Each structure stands twice: as C-alpha cells, then as structure tokens.
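The values are calculated or read from the model by the stated rules, or taken from the named source; none is laboratory data. Since this is a predicted model, take the numbers as computed values, not measurements. Reconstructed Cβ throughout: ideal geometry from the backbone, glycine too, with neighbour counts over all protein chains shown. Keep in mind that these areas ignore ligands, DNA and RNA; they rest on the heavy atoms of the full protein, side chains included. Shrake-Rupley method; radii C 1.70, N 1.55, O 1.52, S 1.80 Å.
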Amino acid sequence: MIDPWGRMIDYLRISVTDRCDLRCRYCRPGERTPPLPRSRILRFDEIEAVARAAIRLGVKKIRLTGGEPLMRADLGTLVGMLASIYGLRDLAMTTNGLRLAAHAAGLAAAGLRRVNVSLDAMDPGRFAAITGGGDVRRVLEGIDAARRHGLEPVKLNCVVSASVDEPDARDVAWFARREGLQARFIRQMDLAHGRFSRVEGGQGGDCPRCTRLRLTADGRVRPCLFSDLSFDVRELGPEEALERAAARKPRAGSACTSREIHSIGG
Ligand code: SF4
C-alpha cells in the first residue's frame, strides 16, 4: 500500500485490548472510562484475518499494543497465529512490563521477536506516582526475563513531560546505558489539541516518514494517531478497511477528539 504522499505503508500496530493494569497519569488521568464491551473486541481469528490482509498488501512489521497487551488472555496463541503468517518479517510488542516475567518464555516460544517496555522512572516512589501504583521491580524482572528468553533488542519507552533532562528520564537513560539497552524518550502527547513531537531514539511522530496504520481492539483501522478517521473491519472487511485507511492517511497528524490514547494503542 502506498499512501497519497508516496509513503510505503509497511507497519501495522495492533491493539489487542483497551484494558490496562496501570493508570499512568499522562494516559488515563481522572475518572475511569469503562472498558470496551467484550462483544466489541476482535477475536483472535478476526485479528489474524486483518494481519493476513495487511501482509498481502505489503505490511512487513506488526507490533502488538494495548491498553496493556498482556491483559489479553492467552496472548501466546495469537502470537503463534501471527508469527506463522508467510511474509511477516518482524513481530514485536509494547508492554508496561508488569506481567512480562511470567509470559516472556511462552511468547518467545510462540514467535514473538522483541519487546518495548514502558519505564518512566527508576525510583520506586516516583514510578508508583506516575503509573498510579505500579511496582518498578516487577518491570525490571520483566526486562530480565525478556532478555533471558531472547526477546531482543529490549527497548525502553520513557515518557517525559517536556525534556530528556528531567531527573526521572536521566535515571532511565543511565540504567539503559548500564544495561546496554536502547531508551527512547516520548514527550507527553495531547491528542485532542494535536500536541506531539518526534520520539527521541524512535520513529514515532515523524510524519514525513510515517509508514504505519493502527488497528484498534474493536476493529477500526486508523490511518493516523492524530486524526479521527477510522474504518471498520467488521463492516468493510479487512482488505477494504486497510486500503481505505491507507488512501486517506493524512500528510501529518492534526488532532484526535474521538478517542483516548489507551483505546488506540499509542
Ligand atoms: S501523527 Fe500521524 S502521520 Fe504523524 S507520525 Fe503519528 S501516526 Fe504518523
């Protein structure tokens, strides 16, 4: 698929759930939004059908996201279904790491290649404050388990308020250097007001070179994070929804007022 601006769409981010076991203040502030009803969540065979169509249309890389993808039961089965699709070159996952230690071996055996782990602070108190009570030790255990089971390179996603010079970000950068891990720094985004910037150390936010589409947990293909456009795979069928999304992919992000980031998958 080539979008109207000549970008070759080769990357699909698949959100497998909007549920999460953390409440990061920059993602799910304030009152609890009820999770999507289960009936609206795509089944594994439906996700596989979208992935197969996407790969037929030129996608080479798939990343599993959430909410928190490890909140989805039996995720290893889905990983195995996707990893066996001919033509897929890379299968990755972004996780908050809390459940990674328990699942790393099974996911690696099922065919997952690598993981990005969210890590916004090293100090346990700071980490708990940012994530709404998360335990940083479990995340570090998850990173260890991922490396032990070959889910490498492990990359760290660190959200910063404004700058990589913030104390928590410096701590994460130091940890990454010490461990030989790659850290990427993501400035807090504001979907509704279209505030975002390039991910330092990554590809996100680089609109001129953006080659990604997103599939939400309830089956909507979104051409851009900062847009309200989306196409329903249950209504249009996977191929049509993907092709329409690519054909309507904006040159650059503007704003998204219809969804919160945790129900899109970042
Ligand atoms: S804002 Fe949209 S076009 Fe820009 S990098 Fe993000 S998804 Fe791609």
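Residues that are farther than 30 Å from R40 by Cα, assigned to a loop (DSSP other than H, G, I, E, B) and open to solvent by less than 30 Å² (accessible area, probe 1.4 Å) do not occur anywhere in the range 164-180.
The residue of the range 200-222 that is farthest from the ligand (Cβ to nearest atom), among those that are at pLDDT 95 or above and either of a type in the set (A, V, I, L, M) or in a strand (DSSP E or B) (or both), is A217. For the structure I just gave you, tell me whether R244 is away from the ligand (no atom under 11 Å from the Cβ), open to solvent by 20 Å² or more (accessible area, probe 1.4 Å), more than 26 Å from T95 (Cα to Cα) and without any contact (Cβ under 8 Å) to a residue 24 or more places away in the chain. Yes, satisfied.
Restricting the first member to the range 176-187 and to residues that are of a type in the set (G, A, S), and the second to residues that are modelled with pLDDT under 95 and open to solvent by 20 Å² or more (accessible area, probe 1.4 Å), the beta-carbon pairs closer than 7 Å and six or more apart or on different chains are A183/G201.
Restricting T216, T211 to those that are in contact with a helix residue (DSSP H, G or I) (Cβ under 7 Å, 6 or more places away or on another chain), under 23 Å from V115 (Cβ atoms) and of a type in the set (V, I, T) reduces the list to T216. In the range 232-243, the condition of being in contact with a Lys or Arg (Cβ under 9 Å, 6 or more places away or on another chain), closer than 24 Å to S118 by Cβ and among the small types (G, A, S) is met by no residue.
Just one of the listed residues (L119, L140) is open to solvent by 30 Å² or more (accessible area, probe 1.4 Å) and within 23 Å of V172 (Cα to Cα), namely L140. Of all residues in the range 222-240, exactly one satisfies the criterion of being surrounded by 23 or more Cβ atoms within 10 Å (Cβ to Cβ) and among the aliphatic types (A, V, I, L, M), namely V233. Does S161 fit the bill of being polar (S, T, N, Q), under 22 Å from I261 (Cα atoms) and more than 16 Å from the ligand (Cβ to nearest atom)? Here the answer is yes, as S161 does meet what is asked.
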